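Undergrad: First, the structure itself, so that you have it in front of you.
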Amino acid sequence: SSLAWRYSSPKINNEGDALLMTNWVIVGLGASIGAVGRYGFTEFYKKSHPEFGYHATLIINLSGAFILGWLFALALTDSLYGFLGVGFCGGWTTFSTLNSEIAGQVATQKWRQALTYTALTYGLGLPLCALGWWLGNSFFG
C-alpha cells in the first residue's frame with residue numbers, strides 16, 4: 001500500500017458489493033471496539049482524576065497517533081488495516097472532544113491550560129506517529 005490514505009476508496013473486484021460490504025463491517029467493528037474502549041478509559045480516568053479529565057483525551061489521542069503510525073509500518077492487509085487502523089484507531093481517538101475541551105477551557109479563561117493542551121496534542125502527536133512508524137519498520141518491517 002502507498003502512503004496515501006489506504007482506505008479512502010475500497011477496490012471492488014469480482015465479488016463486487018459483497019467485498020465492499022465486508023470491508024464496511026470490518027471497519028465498523030473496529031470503530032465500535034475503539035469507541036467503547038475510549039468511553040471506558042475516559043470514565044475510569046475522570047473518576048481517578050476529576051480535576052484533570054481532559055488528560056484522558058490527550059492520552060487517547062497521543063496513543064492513537066503512535067498506534068496508527070506503528071500499524072501503518074506493518075504493511076497489514078487492507079482488511080486488517082481497515083479493522084485496526086481506520087476502525088479501532090478512528091473510534092479510539094477523538095478530534096471533536098479535543099476541540100470541545102479546548103473551547104471549554106477558553107470559555108472559562110483557562111488560557112494556560114488551553115494552550116498547553118493544544119501544544120501537547122499537536123506537538124507530540126506527529127512525533128509519536130513517526131516514532132510508531134519507525135519502531136514498526138525497525139522491528140517488524
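Undergrad: Using a/c under 1.5 as the rounded threshold, could you call the range 14-123 rounded, prolate or oblate? The axes a ≥ b ≥ c are square roots of the C-alpha gyration tensor eigenvalues, and prolate needs a/b larger than b/c, oblate otherwise. Walk me through the numbers on the way to the answer.
TA: On the way: a/c = 2.68, a/b = 2.30, b/c = 1.16.
Taking the square roots of the gyration eigenvalues as a ≥ b ≥ c, the range 14-123 is prolate.
Undergrad: If you don't mind, there's one more thing I want to ask. Would you mind telling me the share, in percent, of accessible area of the range 91-130 contributed by carbon and sulfur at probe 1.4 angstrom? Walk me through the numbers before you get to the answer.
TA: Details: 1790 of 2500 Å².
Result for the range 91-130: 71 percent of the exposed heavy-atom area is carbon or sulfur.
Undergrad: Hey, what angle do you get for helix 111-140 against the long axis of the chain, alpha-carbon based, 0 to 90 degrees rounded to 10?
TA: Between the helix axis and the principal axis of the chain, the angle is about 30 degrees.
Undergrad: Note the angle between two axes, namely the Cα long axis of helix 95-107 and the longest principal axis of the Cα atoms of the chain, as a number of degrees from 0 to 90, rounded to the nearest 10.
TA: Between the helix axis and the principal axis of the chain, the angle is about 10 degrees.
Undergrad: Also, quick follow-up: Rounded, prolate or oblate, given the Cα gyration tensor of the range 74-141, with a/c below 1.5 counting as rounded?
TA: Details: a/c = 6.62, a/b = 2.01, b/c = 3.30.
It comes out oblate by the Cα gyration axes.
Undergrad: Between 0 and 90 degrees, rounded to the nearest ten: what's the tilt of helix 54-73 against the longest Cα principal axis of the chain?
TA: The answer is roughly 30 degrees.
Undergrad: Across 10 Å bins from the origin, how do the percents of Cα pairs in the range 59-112 run, short distances first?
TA: Final binned percentages: 24, 39, 21, 13, 4.
Undergrad: Which whole-number percentage describes the relative contact order of the chain, with Cα contacts under 8 Å and a sequence gap of 6 or more? Walk me through the intermediate numbers first.
TA: Working: 168 pairs, mean separation 48.7, N = 141.
The normalised contact order for the chain reaches 35 percent.
Undergrad: Considering only V27, V106, V86, give the residue with the highest GNM mean-square fluctuation for the chain, with springs between Cα atoms whenever their separation is below 10 Å.
TA: V106
Undergrad: Quick one: accessible area per residue over the range 46-141, 1.4 Å probe, rounded to a whole number of Å²?
TA: On the way: 5350 Å² over 96 residues.
Spelled out: the 1.4 Å probe surface of the range 46-141, per residue, equals 56 Å².
Undergrad: Starting from the Cα-Cα distance between E43 and Y122, subtract it from 0.36 nm times their residue separation and give me the gain in nm to one decimal.
TA: Values: separation 79, 0.36 × 79 = 28.44 nm, distance 2.35 nm.
Contour length minus Cα-Cα distance gives 26.1 nm.
The values are calculated or read from the model by the stated rules, or taken from the named source; none is laboratory data. Being a predicted model, the structure only gives us computed values, none of them experimental. These area figures cover heavy atoms from the full protein model, side chains too; ligands, DNA and RNA do not enter into them. Shrake-Rupley method; radii C 1.70, N 1.55, O 1.52, S 1.80 Å.
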